[in-house]
Each structure stands twice: as C-alpha cells, then as structure tokens.
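Here the structure comes first, spelled out in structure tokens, and everything after it is commentary.
The values are calculated or read from the model by the stated rules, or taken from the named source; none is laboratory data. Here the structure is a predicted model, which means the values were calculated and not measured. Heads up, the Cβs are rebuilt from the backbone with ideal geometry, glycines too, and the neighbour counts pull from every protein chain shown.
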C-alpha cells in the first residue's frame, strides 16, 4: 500500500477504486503526536505519517517536511 500525500483526496472525491479511507483512531492519533514530537512535523503531516505507518504503507509526496523519514518517497517538485 502507498499513502499519497497532497493529491489522494482527488481520487477519493471521484470515487476511485484506488482510494482507501483509514479511520483516525486513538492509536494513530497517539502515533501522530509522537511523530510531531520526534520528527518536528506539523499536526497534519504527522497524521499523514502515522496513518501510513499503521498498515505499513509508504508515503508518496512532494512535501519536503517528510524528507529523511522512513517509508517516504519524496518527489522533487522542481523536476521536469
């Protein structure tokens, strides 16, 4: 599984079979709080990170805040 930051909501909104919603439960919320503390992530980024970590997914993103974190594929926005 891959969690796609930034544009995944577009797939969800159009009802794509590729999209899967994961509930923000207590364990993910606590993991997000820990990610905020440990990795200095903003709350929204920490929730994305913790949500991906729960099922062992990777994150595909162009958000530099995720640089160097485990299971993150960082796409350079300046790439042509």
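The set of residues in the stretch 55-80 that are over 19 Å from residue 1 (Cα atoms) and in a helix (DSSP H, G or I) comprises 64, 65.
Conditions (1) modelled with pLDDT of 90 or more; (2) out of contact with any strand residue (DSSP E or B) (no Cβ under 7 Å at 6 or more places or on another chain); (3) under 24 Å from residue 77 (Cβ atoms), marked per residue:
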{"residue": "2", "(1), (2), (3)": "no, no, yes"}
{"residue": "13", "(1), (2), (3)": "no, yes, yes"}
{"residue": "16", "(1), (2), (3)": "no, yes, yes"}
{"residue": "28", "(1), (2), (3)": "yes, yes, no"}
{"residue": "40", "(1), (2), (3)": "yes, yes, yes"}
{"residue": "45", "(1), (2), (3)": "yes, yes, yes"}
{"residue": "60", "(1), (2), (3)": "no, no, yes"}
{"residue": "63", "(1), (2), (3)": "no, yes, yes"}
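Apart from one condition, residue 69 fits all of (1) at pLDDT below 95; (2) in contact with a strand residue (DSSP E or B) (Cβ under 9 Å, 6 or more places away or on another chain); the exception is (1).
As for the stretch 31-54, it holds no residue that is surrounded by 11 or more Cβ atoms within 10 Å (Cβ to Cβ), free of Cβ contacts under 8 Å to residues at least 12 places away in the same chain, part of a loop (DSSP other than H, G, I, E, B) and touching a helix residue (DSSP H, G or I) at 6+ places or on another chain (Cβ under 6 Å).
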